[in-house]
Amino acid sequence: MSKKLRIGVLASGGGTNLQSIIDRCQDDSLDAEIAVVICNNPGAGALERAAQAGIANRCINHRDFSSRGDFDTAVVSALQESGVELVVLAGFMRIITQTFIDAFPDRVINIHPALLPSFPGLHVQQQAIDYGARFSGCTVHFVDGGVDTGPILIQAVVPVLQDDTAETLAARILEQEHRIYPRAIQLIAENRVHINGRQVSIDPACPASRSAIVNPALED
Ligand code: GRF
């Protein structure tokens, strides 16, 4: 059996994305092992989920540090101590510094609940509704120095419905997050992902979906 990719998951909240990764590791559809889960919030549900699954977990509270850089240095050390090869941000609500990116070059990924480059930042489901977008979705991207700006690995699209609230749209998007994040990690575990500037290629290529979707649907 080939060696599993050692990942470190960083989360701030409930940890449903973490759970989807745990589940895929457990059913062996993901050739990765979660070496450590780190949360910046003591009450984070993600810590509980990690403990339940018997995964090493740590709270490193950003409030205990006087600067972003010091916090990042502590998190980077913890990840390195655990032998982490890929850092997976899963609802991690802190902006990471260059120190972090330099420690794991092209080895930090994030999931964002919008179709980047539209709607980076926070409260993006409400922003998509307020803008009148007909589609939103989620994006897994590599993390660079900006906020939600790095090269895109995989995206899923969902319709925005007429009666959507931020909550109903978030739930529709989250369902897709749970599908594409483990998939993105698996592609990296298989060494199939290559970054060239903004382009991310997958080799061998995955079958591409070639049909267009229209919302509202065409009447024919
Ligand atoms: C997800 O929507 C993620 O995209 C965003 O925060 C949410 C975290 O959800 N950054 P969970 O903690 O994984 O349930």
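The values are calculated or read from the model by the stated rules, or taken from the named source; none is laboratory data. Here the structure is a predicted model, which is why all the values come from computation and not from measurement. Quick reminder, even Gly has a Cβ in these numbers, built from the backbone with ideal geometry, and neighbours come from all protein chains shown.
Which ones in the range 114-126 are closer than 28 Å to Glu190 by Cβ and more than 9 Å from the ligand (Cβ to nearest atom)?
Of everything in the range 114-126, those that are closer than 28 Å to Glu190 by Cβ and more than 9 Å from the ligand (Cβ to nearest atom) turn out to be Leu115, Leu116, Pro117.
Return the only residue of Ala171, Ala184 being within 16 Å of the ligand (Cβ to nearest atom), modelled with pLDDT of 95 or more and exposed (fewer than 15 other Cβ atoms within 10 Å of the Cβ).
That would be Ala171, the only listed residue that is within 16 Å of the ligand (Cβ to nearest atom), modelled with pLDDT of 95 or more and exposed (fewer than 15 other Cβ atoms within 10 Å of the Cβ).
Within the range 174-220, restricting attention to residues that are among the acidic types (Asp, Glu) and assigned to a loop (DSSP other than H, G, I, E, B), which residue is nearest to Val88 (Cα to Cα)? Give the steps one after another, and end with the answer.
Residues of the range 174-220 among the acidic types (Asp, Glu): 175, 177, 190, 203, 219-220.
Those still in the list that are assigned to a loop (DSSP other than H, G, I, E, B) too: 190, 203, 219-220.
Values: Glu190: 16, Asp203: 21, Glu219: 42, Asp220: 44 Å.
Taking the candidates together, the pick is Glu190.
Take the residues in the range 56-75 that are assigned to a helix (DSSP H, G or I) and among the charged types (D, E, K, R), then tell me which one is nearest to Glu33 (Cα to Cα).
Once the filter is applied, the top-ranked residue is Asp72.
Evaluate the following for Leu122: is it surrounded by fewer than 16 Cβ atoms within 10 Å (Cβ to Cβ) and assigned to a loop (DSSP other than H, G, I, E, B)?
Values: surrounded by fewer than 16 Cβ atoms within 10 Å (Cβ to Cβ): yes; assigned to a loop (DSSP other than H, G, I, E, B): yes.
For Leu122, the condition - surrounded by fewer than 16 Cβ atoms within 10 Å (Cβ to Cβ) and assigned to a loop (DSSP other than H, G, I, E, B) - is met.
Does Asp148 meet the test of being out of contact with any strand residue (DSSP E or B) (no Cβ under 7 Å at 6 or more places or on another chain) and not hydroxyl-bearing (Ser, Thr, Tyr)?
Judged against the criteria, Asp148 is not a match.
Can you tell me which residues in the range 159-168 are within 12 Å of the ligand (Cβ to nearest atom) and of a type in the set (Asp, Glu)?
The answer is Glu167, and nothing else.
Just for the range 68-80: of the residues that are without any contact (Cβ under 8 Å) to a residue 40 or more places away in the chain and surrounded by fewer than 22 Cβ atoms within 10 Å (Cβ to Cβ), which one is nearest to the chain's Cα centre (by Cα)? So that I can check it myself, show each step before the final result.
Going residue by residue through the range 68-80, those that are without any contact (Cβ under 8 Å) to a residue 40 or more places away in the chain are 68-74, 76-77, 80.
Among the residues that remain, those that are also surrounded by fewer than 22 Cβ atoms within 10 Å (Cβ to Cβ) are: 68-70, 73-74, 76-77, 80.
Details: Arg68: 21, Gly69: 22, Asp70: 23, Thr73: 21, Ala74: 21, Val76: 18, Ser77: 21, Gln80: 20 Å.
Selected residue: Val76.
In the range 6-47, which residues are within 14 Å of the ligand (Cβ to nearest atom) and part of a loop (DSSP other than H, G, I, E, B)?
Ser12, Gly13, Gly14, Gly15, Asn40, Asn41, Gly43, Ala44
Answer yes or no: is there a residue in the range 87-96 that is within 15 Å of Val37 (Cα to Cα) and β-branched (Val, Ile, Thr).
yes
Could you tell me whether any residue of the range 50-58 is within 14 Å of the ligand (Cβ to nearest atom) and touching a Phe, Trp or Tyr at 6+ places or on another chain (Cβ under 9 Å)?
no
Residues to consider are Ile111, Ile129; find the one that is within 12 Å of the ligand (Cβ to nearest atom) and either more than 21 Å from Arg6 (Cα to Cα) or modelled with pLDDT of 95 or more (or both).
On inspection, the qualifying residue turns out to be Ile111.
Pull up the range 1-25, narrow it to residues that are out of contact with any Asp or Glu (no Cβ under 8 Å at 6 or more places or on another chain) and over 24 Å from Ala171 (Cα atoms), then point me to the one that is modelled with the highest pLDDT.
Across the range 1-25, the extreme among qualifying residues is Gly8.
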